[in-house]
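K.L.:
Dumping the structure here so I can ask a few things about it.
The values are calculated or read from the model by the stated rules, or taken from the named source; none is laboratory data. All figures in this text were calculated on a predicted structure; none of them were measured in a lab. Glycine gets a Cβ as well: all are built from the backbone with ideal geometry, and neighbour counts include every protein chain shown. The accessibility values were calculated without ligands, DNA or RNA, using every heavy atom of the protein model including side chains. Shrake-Rupley method; radii C 1.70, N 1.55, O 1.52, S 1.80 Å.
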Amino acid sequence: MPRNDTMMQFFEWYLPSDSTLWNKAAKEATKLANMGITGIWLPPAYKAAGGKNDVGYAVYDLYDLGEFNQKGSIPIKYGTKDEYLNAIQALKQNNIKVYADIVLNHKMGADELEEVLAVQDNPQNRNEMTESEAKKIKAWTKFTFPGRGDVYSPFKWNWTHFHGVDWDDNEKKSSIFRFYGKNWNENVDKENGNFDYLMGADIDLNNYDVVTELKKWGKWYTDLTALDGFRLDAVKHIRADFYPEWLTEIREHAQKKLFAVGEYWTTSVDVLKNYIEETKECMHLFDVPLHYNMYRAAYSNGEYDMSKIFEGSLVKERPDLAVTFVDNHDTEPGQALESWIPDWFKPHAYALTLLRKDGLPCIFYGDYYGVEDKSVTPKNEILHKLLRARKYFAYGEQVDYFNDDNVVGFCRKGDYEFPNSGLAVVMTDSTGGCIQMNMGKELADTVFYDCTGNLDETVYVDHEGNGIFYCKDGSVSVWIKKGEHVN
């Protein structure tokens, strides 16, 4: 039986533009593996519109991994192509799988303008036109990649490869401009009437040449990097039948089951379940509803019903395809989707994701290393303890004790393949309390201690496996067998 898998997002939005992240990933590889990290999600590795200062989501050239002098620099924000490949190799040598962040929804930073006939759609309802007649606009849609030329691919992008843009350079006007004769895809999220368009030049995934080129790129990328899977950006804006086709072809080419997790940002678990069905279960999804449950719990002044923390979550409905997370680069302070979980509740949230049997948990770089730009201090001390608890003790049958509005908990009864495994978790969003739990016969007549260090007392588990486990006000305690350590 393998140890628990744990994923890490190895970047945050406000990292300095010093091109050092790839080297840091290589340097930290052994340490991360020892902590229990089994998969790393690295940020977009190709040249973006902002060059060295760009986080990576404003995609310019998918083939430039920090190799060509484009957009003002050779390296990207995180380093050069060689440093990227070296980081992947170092991680894989430490048995850490590597997942690449890919953005196939849009392109930005075009090299030339083109005159295009377009209609103007209502930004709040893209199914309505705000002007009845088409007119010529100047759009940034021509990508010639002068710094790379035809290396790796001779494909050049022009307006026919896109659905539309949000800027008319002729009138210096921002709106939603759909190219005449084209329609937004229907099988996308229904926000704003139709949420096909997100930003930049919206890639037309109905265009045969575009789809062929993106498949060619995917094969080139997986061959070059030998990566283990993908984090798929902005999937709610991409027609639902694209990724089943694209992933199938890339997986067949790679001859392995490449992991994939999609970012579909919605609070509705029903929308996520429908998307899973539409995409033929070809990918995992991030559990955005659970993130917002934890966010609300953290800001409800003890009034949140903790017994319902998993209600409406993907990990409850589809545990086999849920990637749970606490925060990410989009929820950080100052971001459009800011919903940052505060320090006091972070241990609760990570205990709820790391120590349970369901879902694949993903920890965030900004929580582990801190976010200097926003004065967010590292939580590495408590994360070390929880990660080690996951690696060595979070095994066996799970029994939930979610019977109170404030004080809730669960236990894992351990597995014989992991000696002395098993744990009990108790937490509260208000005043402290206790829960009697049965740890099973294998852990009977033993003493437990709180490995978080929040409580100094020990708990005796009697000959029937029963113990009374405690937590202090507004805190979480994780109880493991005395004599075992997580430091």
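K.L.:
Just need the relative contact order of segment 41-145 here, percent rounded to a whole number, with Cα pairs under 8 Å and 6+ apart.
P.N.:
Once normalised by length, the contact order is 24 percent.
K.L.:
Counting only helical runs of four or more DSSP H residues, what would the 222 nm mean residue ellipticity of the chain come to if each run contributes -39,500 (n - 2.57) and the total is spread over all its residues?
P.N.:
Per the formula, -7000 deg cm²/dmol.
K.L.:
Then there's this: Using Cα positions and a limit of under 16 Å, work out the aspartates and glutamates in reach of LYS92, with same-chain residues fewer than 8 apart set aside.
P.N.:
Partners found: ASP5, GLU28, ASP82, GLU83, ASP223, ASP228.
K.L.:
Sticking with this structure for a sec: Indicate, rounded to the nearest 5 percent, the antiparallel portion of the DSSP beta bridges found entirely in segment 234-380.
P.N.:
Within segment 234-380, antiparallel bridges account for around 10 percent of the total.
K.L.:
Could you grab the relative contact order for segment 203-337? Cα pairs under 8 Å, six or more apart, rounded to a whole percent.
P.N.:
With pairs under 8 Å counted, the relative contact order is 20 percent.
K.L.:
So which lysines pass the test for LYS190, namely a Cα distance under 16 Å, with those fewer than 8 places away in the same chain ruled out?
P.N.:
List returned: LYS236, LYS273.
K.L.:
With +1 on each Lys and Arg Cβ and -1 on each Asp and Glu Cβ, and nothing else charged, work out how big the dipole of segment 147-230 is about its Cα centre, in Debye to the nearest 20.
P.N.:
Computed about the Cα centre, the dipole is about 200 debye.
K.L.:
In whole percent, what relative contact order does the chain give with Cα contacts below 8 Å and a gap of six or more residues?
P.N.:
11
K.L.:
On to the next question. Read through the labelled values [x] 0.98; [y] 1.09; [z] 1.01 and report the label of the one computed as Rg/Rh (Cα atoms, Kirkwood Rh) from the structure.
P.N.:
[z]
K.L.:
Additional query: Suppose all protein chains stay in the model; what accessible area per residue would a 1.4 Å probe give for the chain, in Å²?
P.N.:
39
K.L.:
To continue, here is another question. Among PRO319, GLY181, ASN170, flag the residue with its Cα farthest along the positive direction of the charge dipole of the chain, charges on Cβ as +1 for Lys/Arg and -1 for Asp/Glu.
P.N.:
In the chain, that residue is PRO319.
K.L.:
Turning to a different aspect of this structure: Can you spot the aspartates and glutamates whose alpha carbon is less than 18 Å from LYS441's alpha carbon? Ignore those fewer than 8 places along the same chain.
P.N.:
GLU397, ASP400, ASP415, GLU417, ASP462, GLU464
K.L.:
Share of antiparallel DSSP beta bridges in the chain, in percent to the nearest 5?
P.N.:
Antiparallel bridges make up about 70 percent of those DSSP assigns within the chain.
K.L.:
Another question, if that's okay. Once you sort the root eigenvalues of the Cα gyration tensor of segment 138-232 as a ≥ b ≥ c, which label holds: rounded (a/c under 1.5), prolate (a/b larger than b/c) or oblate (the other case)?
P.N.:
oblate
K.L.:
With the cut-off at 30 Å, tell me which of the pairs LYS52/LYS379; LYS182/LYS216; LYS31/LYS107; LYS135/LYS219 have Cα atoms farther apart than that.
P.N.:
Over 30 Å Cα-Cα: LYS31/LYS107; LYS135/LYS219.
K.L.:
Let me ask you something else. Which listed residue (TYR14, ASN95, MET439) has the Cα farthest towards the positive end of the charge dipole for the chain, taking +1 on Lys and Arg C-beta and -1 on Asp and Glu C-beta about the Cα centre?
P.N.:
ASN95
K.L.:
To the nearest 20 Debye, how big is the dipole of segment 1-112 about its Cα centre, given +1 on the beta carbon of each Lys and Arg and -1 on that of each Asp and Glu?
P.N.:
That gives segment 1-112 a dipole magnitude of about 420 debye.
K.L.:
Hey, any idea what % of the chain's accessible area is carbon plus sulfur with a 1.4 Å probe?
P.N.:
Answer for the chain: carbon and sulfur cover 46 percent of the accessible area.
K.L.:
Given charges of +1 on the Cβ of Lys and Arg and -1 on the Cβ of Asp and Glu, with all other atoms neutral, how large is the dipole of the chain about its Cα centre, in debye to the nearest 20?
P.N.:
1200
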